[in-house]
Amino acid sequence: MATVLTEFGILWGILTRRVLLGVRVGDPTPIGRFELPSTADLATMRDIKAALAERLEAGQSIHLDASQVEEPSTALIQLIESAAISYGARDLQVGLVSPSDALCQAYEDLGLFGALMTRTAAVAEP
Amino acid sequence: MTEEEDLKRIFFLECEELLGSAESSVESLRNEASPEAINALFRSVHSVKGGAGAFGMDRLAKFAHAFESFMDLLRKGKAELDQAALDLLFDGVDVLHMLVDESQHGKPAPAARVDAALASLRQRAGLEEEPEEAEPFEPEIPAEAAPSNAIAAPLRQYQIRFAPGPRLLAAGVDPLLILRTIKQLGTASVEAEVSKIPALAELDPSVCHISWTIALDSSAPKRDLDEIAEMIDDLATFEIDAGPEPDMAHEVSPAAAPEPKALALPSPAAPSAPAAKKTEPAAPAAKEPAADPAKARTQATPTVRVDVPKLERLGNMVGELIITQAFLARQAAGLDTDQYRSLFRALDEMSQHIRDIADAATSIRAQPLKVVFQRFGALVRDLEKATSKRIRLEVQGESVEIDKTVVERLSEPLTHLIRNSIDHGIESTEKRLAAGKDPVGRLRLSAEQRGSHVVIELSDDGGGINRERVLQKAIERGLVAPDAQLSDEETDHLIFLPGFSTAEAVTSISGRGVGMDAVRATIAEMGGQVTLTSHPGRGSTFSLHLPLSLAILDAMVTLVARHNYLIPISAIVESLRPMPASIVRMDKQNPMLSWRGSMLRIVNLAKEFSIPGAVEDPTQAILVVVRPAGGDLFALQVDDLIGQEPVVVKSLEKNYRKVVGLSGATILGDGRPALILDLPSLGSAQLGRRKIEAPVGAD
Amino acid sequence: MDAQRESKPGDTSEAQFVSFEIGDSKFLIPIERVVEFRIWSEPTAVPRTPEYVRGIVNIRGEIVPIYDVAARLGRGATEATARHVVVIVRSEDSRSIGLLVDSVTDIVNAKGGNMASMPKIDGGNATPFMAGVVFIDDRILGVTDVDRLVQETFPGIEHAMPAGSLEGPRG
């Protein structure tokens, strides 16, 4: 039962992501962009953290291009979620653009599928 | 849940079917007095009687006995099937329904109606008021009979709390790996606790602040989880709560333990559903005393009854899915792996999911044979008393699993066979002593999976088939021509004819010879076969060959000349291209393979199957060392190996017939059929040789 | 055999047959037995099988054997080409087989009065695999006995039994 649900969940996530990507969004405030690297080890994590902090300082929402993420880690996801908390506190958003299947799967396996949906949905919201 | 309850439940399921078919027989008798319909009705009633007797349902047994006696007269043409008789049959089936209902649900059948029908049947059957043979069995197996685990030992429910310590990430352990490992053990529902994640500014990316609660439904033993815990011993908190342990877990025999399966689909409320409400104990009823077994049972494993056709449809669709997936994989094989990386990844994932679906579909339908086998201990004890013979029953292979519908329908034919063996096969104690045999007769019931089949054998060490008498009886009954020339084997098989009985007097145990006929018909309906080998003075063996209706097989696709043959992966020990020095020729014909210090027979597939154009020299070919079920290692010679593929086993027999050396066929990714090798028969040199020389054609 | 194939003068019931050719002979199959037609393509060979069984094919997920009718009738194996046709037929008990024939010609209507079952000689059928004959336009056409053909492939214990006493009751 649970397996079916999660499989369906992934499918749904992928579908949603594809559909939402097609939507062009009006851009009232500038949105920062950052491309996540394919491997997110602890070293690159500091760069990503710095980039996220910088945009937050600037008061911009950020879109993370996650299409290249091949080897996601718990640390990376924790970083994204931590950023989401901090951005959210200032009414800003962290969006995930085209998350790779590997990243989707990692979110799913960590029991954070709901968070993934929020991150991807953020990209499309005006 | 007691053994008794399980058996009764199966019996009532059978009754539903039997009475259904009885009804249609009566219906068709109204249109035409066909001997087939009379036979069929007789058999249905006979089977109800047998079960009712075994379970001590006296009223039902008594009534069925009268009904059966009347049917017997009709069958022999000693009673006329007039309107009154037809009415009586209709009424009789109705009353049977009521009596079954009474036994099943305790809803009393109207006594006047039952008595009236019973009196009419007895009168027309010419029975005494209280025939003694109506109670052939010592009824009532005690209700506190050993609790059974076989049917629905549920999956264990584990509750795991996993909280990484500050050094876990730095030590190179990603929680993702831990969670994925757990997920592989079963069905996991993972809940993450993210409230401890600090704000971005305070976050140290090398420390994991997320923790998890995992509800895992798994048949894996707790030590699998303990191993994970040990691995991250001082790096994280890893608490395992194995949950309320089901009572029957203690009873699980080692053989049956690895894959306990639920009998039917779990309902949404069943323990295997995602454990959203964690506080709810897994199987509360399982802990209750067995005072009210029926009630305890319903509470312990909520089940949903599913129409068999629906299950069958599911099975077929899964089969089609696997074939389609193999087709896709073949199509994709031509593509550039770099360019279509994500496509390949998706294909991989899909094949894994399909495999899981297939496993689930198979497991829904599979049940261990124990479910039927376990009832025979009591049966044999009863028959020992009834016949004053002494018998030792040996049971083997009861953990072999086979399609649920097959399991359910097996009890009837196997009961008949066991009764037959005890009644006609095993001699009286005096006779055995006189013949220098052990006074205790031996009855051996065994099951074994061979490729896409399960073979169930029942052997006795009795006197064997008395061919002279069988032939004489068959001639007397006009079943064979007086001048017929029959081989021993053909003579033995005469006992499967309808209406055949060698018992001089109708005994209360084997009934009227209807048994063997019913056995053959039932097994044939399931797509199986019954064969009999008998040795005068030494005993007989009945073999039931039954198909596994839905079987997914991991197979190695091999090439011989231009033909594909599939070998079950599970039987492959090693494949190798032999060095010339390892090929030993004892005689010119049959080279042997010297392998790890022993000599293995080389079975050249091209030679066995007369395939022209294959590689002849073993050193130029591939030798696949295989271990057939229950047999010795040998080496199969093929030209080449193509690759591994999960395949759906299809019956070759449904439209064609059994071919020695093949266990079935399948459909490969390109849509073409391919043949699956039957290793036990290929490995047994004698069998293989003998059968090749037998004429393959009909007539 | 089916009642409609018994010869009854004045019988006006009609039956339909698919006719096929092998060499210069024409045969019939009751239309209700025909499942579909296929163009010949080489089937998967099955070892330890008589010559007239050409192999097995996949018909909608079922494994179906292909019979070379010419070879079965003792006329030698057919040199099958893409112009040859395989007629998939189904027996009374739902077993399917494919019949390799030279060509399928047409659909034939026959009146009940023009049909006869096969004469029995010495208790045996003079022409095995023919259930009967149909008279059409001065020609006598044999009707293929699908049930018999299918049964031929099952030399199980049934064949050790005397014919006629084997039919277990079916419902």
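The values are calculated or read from the model by the stated rules, or taken from the named source; none is laboratory data. Remember, it's a predicted structure, so these values are computed and weren't measured experimentally. Cβ coordinates were reconstructed from backbone atoms using ideal geometry, including for glycine residues, and neighbour counts include every protein chain displayed.
Residue-by-condition table, conditions (1) closer than 18 Å to B:V406 by Cα; (2) buried (at least 20 other Cβ atoms within 10 Å of the Cβ); (3) under 27 Å from the mean Cα position of the chain (by Cα):
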{"residue": "B:F12", "(1), (2), (3)": "yes, no, yes"}
{"residue": "B:E17", "(1), (2), (3)": "yes, no, yes"}
{"residue": "B:A22", "(1), (2), (3)": "no, yes, yes"}
{"residue": "B:E32", "(1), (2), (3)": "no, no, no"}
{"residue": "B:E36", "(1), (2), (3)": "no, no, no"}
Exercise for the section: Could you please give the count of residues in the stretch B:375-393 that are surrounded by 20 or more Cβ atoms within 10 Å (Cβ to Cβ) and not hydrophobic (A, V, I, L, M, F, W, C)? Expected result: 3
Practice task
Kindly list, by first and then second residue, each pair from a residue in the stretch C:54-81 that is without any contact (Cβ under 8 Å) to a residue 12 or more places away in the chain and on the phi > 0 side of the Ramachandran plot to a residue that is surrounded by fewer than 18 Cβ atoms within 10 Å (Cβ to Cβ) and of a type in the set (S, T, N, Q), limited to pairs with Cβ atoms under 9 Å and residues at least 6 apart or on different chains.
Solution key: C:G61/B:N316
Handout entry: Output for the stretch B:304-346, where each listed residue is without any contact (Cβ under 8 Å) to a residue 24 or more places away in the chain, more than 14 Å from chain C (Cβ to nearest Cβ) and either within 23 Å of the chain's Cα centre (by Cα) or over 30 Å from A:E70 (Cα atoms) (or both)
Key = B:D307, B:P309, B:K310
Fill in the blank from the handout: Subset of the stretch A:63-87, residues more than 16 Å from A:M45 (Cβ to Cβ), of a type outside the set (S, T, N, Q) and either touching an Asp or Glu at 6+ places or on another chain (Cβ under 9 Å) or more than 10 Å from every other protein chain (Cβ to nearest Cβ) (or both), comes to A:H63, A:D65
Problem - Of residues in the stretch B:630-650 being under 22 Å from the mean Cα position of the chain (by Cα) and surrounded by fewer than 20 Cβ atoms within 10 Å (Cβ to Cβ), the one farthest from the other protein chains (Cβ to nearest Cβ) - result: B:G630
Problem - Test: residue in the stretch A:63-72 that is closer than 20 Å to B:P198 by Cβ and more than 12 Å from the chain's Cα centre (by Cα) - result: no
Problem - Conditions (1) assigned to a helix (DSSP H, G or I); (2) of a type in the set (A, V, I, L, M, F, W, C); (3) farther than 15 Å from B:E412 by Cβ; number of the one not met by B:L19 - result: (3)
Exercise for the section: Filter the stretch C:33-52 for residues that are of a type in the set (S, T, N, Q) and not in a strand (DSSP E or B) and give the result. Expected result: C:S41, C:T49
Practice task
Could you check, for the stretch C:73-84, whether at least one of its residues is crowded, with 19+ Cβ neighbours inside 10 Å and at the interface with chain B (Cβ under 10 Å from one of its Cβ atoms)?
Solution key: no
Practice task
Test B:T558 against the stated conditions and say whether it is among the β-branched types (V, I, T) and outside any strand (DSSP E or B).
Solution key: no
Problem - Leading residue by the ranking (surrounded by the fewest Cβ atoms within 10 Å (Cβ to Cβ)) among those in the stretch B:658-668 that are without any contact (Cβ under 8 Å) to a residue 60 or more places away in the chain and under 21 Å from the mean Cα position of the chain (by Cα) - result: B:L662
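Rundown of residues vs (1) at pLDDT below 90; (2) in contact with a strand residue (DSSP E or B) (Cβ under 6 Å, 6 or more places away or on another chain); (3) facing another protein chain (nearest Cβ under 9 Å), yes/no style:
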site: B:L185; (1), (2), (3): yes, yes, no
site: B:A192; (1), (2), (3): yes, yes, yes
site: B:A201; (1), (2), (3): yes, no, yes
site: B:S211; (1), (2), (3): no, yes, no
site: B:I214; (1), (2), (3): no, yes, yes
site: B:A220; (1), (2), (3): yes, no, no
site: B:D226; (1), (2), (3): yes, no, no
site: B:E230; (1), (2), (3): yes, no, no
site: B:F238; (1), (2), (3): no, yes, no
Practice task
Hey, can you tell me all the residues within the stretch A:88-98 that are over 15 Å from B:S195 (Cα atoms) and either facing chain B (nearest Cβ under 10 Å) or of a type in the set (D, E) (or both)?
Solution key: A:D91, A:V94
Problem - From the options B:D307, B:D336, residue that is more than 26 Å from B:V648 (Cβ to Cβ) and either in contact with a strand residue (DSSP E or B) (Cβ under 6 Å, 6 or more places away or on another chain) or modelled with pLDDT of 75 or more (or both) - result: B:D336
Exercise for the section: Can you work out which of the residues in the stretch B:168-183 that are among the aliphatic types (A, V, I, L, M) and in a loop (DSSP other than H, G, I, E, B) is farthest from the other protein chains (Cβ to nearest Cβ)? Expected result: B:A171
Exercise for the section: Collect the residues in the stretch B:32-72 that are within 13 Å of another protein chain (Cβ to nearest Cβ) and among the charged types (D, E, K, R), keeping them in residue-number order. Expected result: B:E32, B:E36, B:R43
Handout entry: Within the stretch B:302-410, strands (runs of 3 or more DSSP E) holding 3 or more residues that are aliphatic (A, V, I, L, M)
Key = B:391-396
Problem - Candidate set: the stretch C:59-69, residues that are modelled with pLDDT under 90 and facing another protein chain (nearest Cβ under 8 Å); chosen: the one nearest to C:R95 (Cα to Cα) - result: C:E62
